[in-house]
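K.L.:
If you scroll down you'll find the structure; I have some questions about it.
The values are calculated or read from the model by the stated rules, or taken from the named source; none is laboratory data. Predicted model only: the values in this text are computed from it and were never measured. Cβ placement follows ideal geometry from the backbone for every residue including glycine, while neighbour counts extend to all protein chains displayed. Surface accessibility is based on the protein's heavy atoms, side chains included, excluding ligands, DNA and RNA. Shrake-Rupley method; radii C 1.70, N 1.55, O 1.52, S 1.80 Å.
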Amino acid sequence: MKESLLKTISLSESATSLLAKSGNFVVNDTIGISLIFAAIFDKKPGKYLVVCPNLYSAQKVADMIASLISEENVLLFPMDDLMRCELLTSSKEILAQRLYVIDQCLNDENKIIVTHATSLLTPLPNPAVYVSKVLKIEVGKSYNLNELKTQLVNIGYSQVGKIDQSLQFACRGDILDIFSINYNKPIRIEFFGDEVESIHYFEISNQTSNDALNAVRIIPATECIFTEQELNNFKINMNKQLDKDCLMLGNELGDLLKQNTSLDYEKIISHSYSPRVYKYIRYIRNDQFSIIDYFKPDIVCISNEKQYNSTVELLNTESRKYFSDLSSQGRLLSHLEMFLNNDVVFKYNKPILCNLFKEHQNEIDFDVRPLVINRSNTPDLNVLVHSFLDTKNKVIFALSNKQQLDSISNILNDKKIEYEFTNGLEIPNKKVGLSIFPLEEGFELKQQSITYISSRELFGFLNKSSRFASHFKQGVILKNYDELQPGDYVVHEYQGIGQFLELQTLEVDGVHRDYLKIAYYGGELLYVPLTQFQLVRKYMGKEGLKPRISHLHTKDWENTKKRIKERINDLANRLFALYVERNKVKGFPFQEDDEFQKDFENACPFELTRDQLKSLGEIKVDMESDHPMDRLLCGDVGFGKTEVAFRAIMKAILSGKQ
């Protein structure tokens with residue numbers, strides 16, 4: 001029976017000492033840390049916290065650990081590494097991830113959490129206060145709807161007319177919609193009086209309810225949670241400090257400081273949370289807490305002590321300078337602090353320290369080394385493969401797909417080199433093993449005489465990086481619905497042009513549904529269910545000109561559509577004639593993909609999705625044809641159009657075009 005890589009590592013002195021929380025370590029702060037924590041979790045699942053110097057290294061470590069063990073066992077707790085706190089937590093995706101991890105910590109499950117200095121030292125609310133703010137709503141129980149709405153505002157939710165993303169709620173009549181981070185879909189709660197009649201998930205796109213629930217947990221939508229006592233003390237202390245600062249600044253800047261402080265105070269007490277509030281958190285809170293107080297880890301490990309300490313020093317220096325600048329300009333109270341101190345964070349958990357280089361004889365060395373290869377100097381795959389085999393180490397080729405596996409096995413077969421296929425991270429009995437496993441990057445374990453080689457070293461192929469899965473969900477309520485305002489003119493496919501009045505909830509056959517209320521000529525009204533919204537479009541005409549409102553129950557609109565169809569057919573005939581002529585013209589045929597094109601595409605950091613590959617293939621067929629290219633690449637923001645475009649650009653450049 002083959003032994004797994006993780007089991008082999010778990011038997012090492014480094015892993016056993018780490019589990020015993022004994023000693024300090026010398027280890028690579030990305031590959032080494034990832035391997036050793038994956039190994040000890042595989043051997044003894046527990047609650048382990050890895051602290052990296054910055055967000056970039058934390059993402060790399062989280063990705064690599066997740067590739068070695070199940071992704072569900074790894075959480076990334078991030079924060080923007082920005083010195084200007086006005087921008088801290090401005091990313092909704094990062095805020096959502098932090099809230100999700102905080103909630104997961106309360107489940108008391110075995111996990112590996114990877115974080116970094118900025119995130120670890122950003123203060124969190126008292127865990128007991130946080131738990132007290134979680135709302136539990138059950139079918140059959142009674143709640144005051146107005147009080148619920150107030151509670152939602154107090155814990156950071158934004159009230160909107162219609163939910164289109166996480167951390168929002170909407171209320172229409174006796175229906176309350178909430179989108180909490182701990183659910184993949186928004187929740188719809190229907191009341192009968194004060195009693196909860198039903199709870200369902202619902203779809204943002206068409207507003208239809210689906211799976212029923214008996215109860216829901218609504219977790220806070222902000223980290224800025226304060227008690228009434230803390231807010232009362234804050235007002236007293238703020239006024240005292242304000243008086244002192246105004247004396248120092250003089251009349252003009254003092255008045256400006258009073259104005260800015262008053263605005264910030266109003267935001268805080270009205271629960272209108274924004275990144276500006278983060279400047280006051282340590283000043284407001286009586287106690288100081290971090291993610292460690294929520295997670296209560298068995299082991300806390302700093303992956304690179306020296307770099308971590310440098311980062312902490314830089315964070316404190318920059319934030320204090322920034323606060324000092326704001327204070328001298330009358331924009332902020334003096335004596336504010338942004339980040340927690342290490343002695344507060346690690347008060348109950350002494351961290352295990354790791355460094356890159358050995359400085360003391362008693363430090364435990366986990367000797368794992370990344371494979372540093374310059375493929376431009378070794379373009380021949382045969383030469384590259386044989387360079388790895390010229391050692392006494394066992395060599396395992398961990399490849400991303402079957403095509404790569406076949407390429408390496410053909411090389412080994414040609415040279416009559418024995419090998420065996422392995423599953424995942426198994427270590428072969430023979431010297432050489434082949435496996436399909438999406439390893440982030442290759443490495444060499446010196447003490448165990450084992451080398452793992454990934455697709456990155458062999459083909460310049462980067463496995464798709466997961467970073468961290470976004471728990472911030474954003475959807476489109478209905479196509480073009482966001483643009484509709486009361487008074488806008490709309491076009492119904494069958495009834496013609498009308499004027500949108502409002503969104504109204506009606507009870508039909510005992511079921512509550514949302515309808516678009518549209519006015520037509522003579523005051524006639526049409527109620528369109530949201531499930532049929534695809535029949536309605538916003539009227540697009542010349543700016544400033546009001547359209548003619550259609551009559552209901554007449555052939556007026558049918559006659560109008562008939563005339564429009566005739567004009568469209570005429571336009572289609574002219575376009576057809578144009579393209580007949582266009583097809584007679586010879587275009588420039590771009591050359592087929594060569595090694596330079598393949599190297600460029602392999603060097604791109606992200607693996608293309610199936611749709612991207614399909615689009616790119618069609619574009620290349622068009623480019624290599626001698627017919628003029630006529631193609632439009634469409635996709636939403638962030639869906640990877642640029643990745644496809646750059647590959648096409650490279651193809652044009654290699655054919656001498658631009």
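K.L.:
Being modelled with pLDDT of 90 or more, surrounded by fewer than 24 Cβ atoms within 10 Å (Cβ to Cβ) and under 26 Å from Gly433 (Cβ atoms) is true for just one of Thr30, Thr16. Which residue is that?
P.N.:
Numbers: Thr30 fails: modelled with pLDDT of 90 or more.
Of the residues listed, the single one that is modelled with pLDDT of 90 or more, surrounded by fewer than 24 Cβ atoms within 10 Å (Cβ to Cβ) and under 26 Å from Gly433 (Cβ atoms) is Thr16.
K.L.:
Now a separate question. Taking segment 211-247 as the region of interest, how many residues are outside any helix (DSSP H, G or I) and in contact (Cβ under 8 Å) with a residue 24 or more places away in the chain? Please lay out each step first, then the result.
P.N.:
Within segment 211-247, the first condition is being outside any helix (DSSP H, G or I), and the residues that meet it are 211-227.
Still in the list and also in contact (Cβ under 8 Å) with a residue 24 or more places away in the chain: 213-227.
The qualifying residues number 15.
K.L.:
Then there is this: Could you check Lys542 against (1) assigned to a loop (DSSP other than H, G, I, E, B); (2) closer than 30 Å to Arg456 by Cα; (3) at pLDDT below 85 and say which number it fails?
P.N.:
(2)
K.L.:
Across segment 436-493, what is the total count of residues that are under 30 Å from Leu526 (Cβ atoms) and either modelled with pLDDT of 80 or more or not in a loop (DSSP other than H, G, I, E, B) (or both)? I'd like the intermediate steps shown before the answer.
P.N.:
Taking segment 436-493 as the starting set, the residues that turn out to be under 30 Å from Leu526 (Cβ atoms) are 475-493.
Those left that are additionally either modelled with pLDDT of 80 or more or not in a loop (DSSP other than H, G, I, E, B) (or both): 481-483, 486-492.
Counting residues in segment 436-493 that are under 30 Å from Leu526 (Cβ atoms) and either modelled with pLDDT of 80 or more or not in a loop (DSSP other than H, G, I, E, B) (or both) gives 10.
K.L.:
Restricting the search to segment 492-512, which residues are crowded, with 18+ Cβ neighbours inside 10 Å and in contact with a helix residue (DSSP H, G or I) (Cβ under 9 Å, 6 or more places away or on another chain)?
P.N.:
His492, Gln495, Gly496, Ile497, Gly498
K.L.:
Let me ask something else about it. Which residues, counting only those in segment 618-658, are exposed (fewer than 11 other Cβ atoms within 10 Å of the Cβ) and within 29 Å of the chain's Cα centre (by Cα)?
P.N.:
Of all residues in segment 618-658, those exposed (fewer than 11 other Cβ atoms within 10 Å of the Cβ) come to 626, 630, 632, 634, 636-638, 656, 658.
Leu632, Cys634, Asp636, Val637, Gly638 - these are the residues of segment 618-658 that are exposed (fewer than 11 other Cβ atoms within 10 Å of the Cβ) and within 29 Å of the chain's Cα centre (by Cα).
K.L.:
Within segment 393-402, how many residues turn out to be buried (at least 19 other Cβ atoms within 10 Å of the Cβ) and among the charged types (D, E, K, R)? Show your work before the answer.
P.N.:
Just the residues of segment 393-402 that are buried (at least 19 other Cβ atoms within 10 Å of the Cβ), to begin with: 395-400.
If we keep only those that are among the charged types (D, E, K, R) too, we end up with none.
Final tally of qualifying residues: 0.
K.L.:
Can you tell me which residues in segment 604-615 are part of a helix (DSSP H, G or I), closer than 25 Å to Glu457 by Cα and open to solvent by less than 70 Å² (accessible area, probe 1.4 Å)?
P.N.:
So the first thing to find is which residues in segment 604-615 are part of a helix (DSSP H, G or I), and the list is 610-615.
Subsequent filtering for residues that are closer than 25 Å to Glu457 by Cα retains 610, 612-613.
If the condition is that a residue be part of a helix (DSSP H, G or I), closer than 25 Å to Glu457 by Cα and open to solvent by less than 70 Å² (accessible area, probe 1.4 Å), then Gln612 is the only one that fits.
To keep it simple, each residue is scored yes or no on (1) open to solvent by less than 40 Å² (accessible area, probe 1.4 Å); (2) touching a strand residue (DSSP E or B) at 6+ places or on another chain (Cβ under 8 Å); (3) under 21 Å from Asn154 (Cα atoms).
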| position | (1), (2), (3) |
| --- | --- |
| Ile181 | yes, no, yes |
| Asn206 | no, no, no |
| Ile218 | yes, yes, yes |
| Glu223 | yes, yes, yes |
| Gln241 | yes, no, no |
| Ser270 | no, no, yes |
| Tyr280 | yes, no, yes |
| Ile284 | yes, no, yes |
| Gln288 | no, no, yes |
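K.L.:
Would you check which residues across segment 1-28 are part of a loop (DSSP other than H, G, I, E, B) and either small (Gly, Ala, Ser) or touching a strand residue (DSSP E or B) at 6+ places or on another chain (Cβ under 7 Å) (or both) and list them? I'd like the intermediate steps shown before the answer.
P.N.:
So the first thing to find is which residues in segment 1-28 are part of a loop (DSSP other than H, G, I, E, B), and the list is 1-3, 11-12, 20-24, 27-28.
Within segment 1-28, Lys2, Ser12, Ala20, Lys21, Ser22, Gly23, Asn24, Val27, Asn28 qualify.
K.L.:
Report every pair of residues separated by at least 6 positions or lying on different chains whose Cβ atoms are under 7 Å apart, first residue within segment 11-38 and over 17 Å from Pro351 (Cβ atoms) and in contact (Cβ under 8 Å) with a residue 12 or more places away in the chain, second part of a loop (DSSP other than H, G, I, E, B) and β-branched (Val, Ile, Thr).
P.N.:
Once the first residue is over 17 Å from Pro351 (Cβ atoms) and in contact (Cβ under 8 Å) with a residue 12 or more places away in the chain and sits in segment 11-38, its partners that are part of a loop (DSSP other than H, G, I, E, B) and β-branched (Val, Ile, Thr) give Ala38/Ile69.
K.L.:
Say we look at segment 364-379 and pick out the residues that are at pLDDT below 85 and buried (at least 16 other Cβ atoms within 10 Å of the Cβ); which of these is farthest from Lys296 (Cα to Cα)?
P.N.:
Arg375
K.L.:
Anything in segment 105-133 that is closer than 21 Å to Ile40 by Cα and not in a loop (DSSP other than H, G, I, E, B)? List them, or say none.
P.N.:
Across segment 105-133, the qualifying residues are Cys105, Ile112, Ile113, Val114, Thr115, His116.
K.L.:
Taking the condition of being touching a residue at least 40 places away in the same chain (Cβ under 8 Å), surrounded by fewer than 18 Cβ atoms within 10 Å (Cβ to Cβ) and in contact with a strand residue (DSSP E or B) (Cβ under 8 Å, 6 or more places away or on another chain), how many residues in segment 146-157 meet it? Explain how you work it out, then say what you get.
P.N.:
Start the filter on segment 146-157 by keeping residues that are touching a residue at least 40 places away in the same chain (Cβ under 8 Å), which leaves 152-157.
If we keep only those that are surrounded by fewer than 18 Cβ atoms within 10 Å (Cβ to Cβ) too, we end up with 153-154.
Now restrict to residues that are in contact with a strand residue (DSSP E or B) (Cβ under 8 Å, 6 or more places away or on another chain): 153.
Counting residues in segment 146-157 that are touching a residue at least 40 places away in the same chain (Cβ under 8 Å), surrounded by fewer than 18 Cβ atoms within 10 Å (Cβ to Cβ) and in contact with a strand residue (DSSP E or B) (Cβ under 8 Å, 6 or more places away or on another chain) gives 1.
K.L.:
Every residue in segment 148-206 that is of a type outside the set (Gly, Ala, Ser), more than 16 Å from Leu503 (Cβ to Cβ) and either in a loop (DSSP other than H, G, I, E, B) or in contact with a Pro (Cβ under 6 Å, 6 or more places away or on another chain) (or both), please.
P.N.:
Across segment 148-206, the qualifying residues are Ile155, Tyr157, Leu167, Phe179, Ile181, Asn182, Tyr183, Asn184, Lys185, Pro186, Asp194, Glu203.
K.L.:
Consider Arg548 against the criteria (1) under 30 Å from Asn210 (Cβ atoms); (2) at pLDDT 75 or above: it satisfies all of them except one. Which criterion is unmet?
P.N.:
Against the list (1) under 30 Å from Asn210 (Cβ atoms); (2) at pLDDT 75 or above, Arg548 comes up short only on (1).
K.L.:
Do we find that Phe357 is surrounded by 11 or more Cβ atoms within 10 Å (Cβ to Cβ) and aromatic (Phe, Trp, Tyr) in this structure? Talk me through it step by step, then tell me what you get.
P.N.:
Details: surrounded by 11 or more Cβ atoms within 10 Å (Cβ to Cβ): no; aromatic (Phe, Trp, Tyr): yes.
When the stated conditions are applied, Phe357 does not pass them.
K.L.:
In addition: If you go through segment 35-69, how many residues are under 17 Å from Ile9 (Cβ atoms) and either open to solvent by 20 Å² or more (accessible area, probe 1.4 Å) or in a helix (DSSP H, G or I) (or both)?
P.N.:
Step one: of segment 35-69, the residues under 17 Å from Ile9 (Cβ atoms) are 35-46, 48, 50, 61, 64-69.
Applying the additional criterion that residues be either open to solvent by 20 Å² or more (accessible area, probe 1.4 Å) or in a helix (DSSP H, G or I) (or both) yields 35-45, 61, 64-69.
Total meeting the criteria: 18.
K.L.:
Same structure again: Which condition does Gln165 not pass, out of (1) more than 24 Å from the chain's Cα centre (by Cα); (2) open to solvent by 10 Å² or more (accessible area, probe 1.4 Å), if it passes all the others?
P.N.:
The number of the failed condition is (1).
K.L.:
Separate question: Considering segment 403-428 alone, what residues qualify as being open to solvent by less than 30 Å² (accessible area, probe 1.4 Å) and among the small types (Gly, Ala, Ser)?
P.N.:
Ser409, Gly424
K.L.:
Do you know which residues across segment 186-200 are open to solvent by less than 70 Å² (accessible area, probe 1.4 Å) and either under 22 Å from the mean Cα position of the chain (by Cα) or acidic (Asp, Glu) (or both)?
P.N.:
Looking only at segment 186-200, we keep the residues that are open to solvent by less than 70 Å² (accessible area, probe 1.4 Å), and these are 186-191, 193, 196, 198-200.
Within segment 186-200, Pro186, Ile187, Glu190 meet the criteria.
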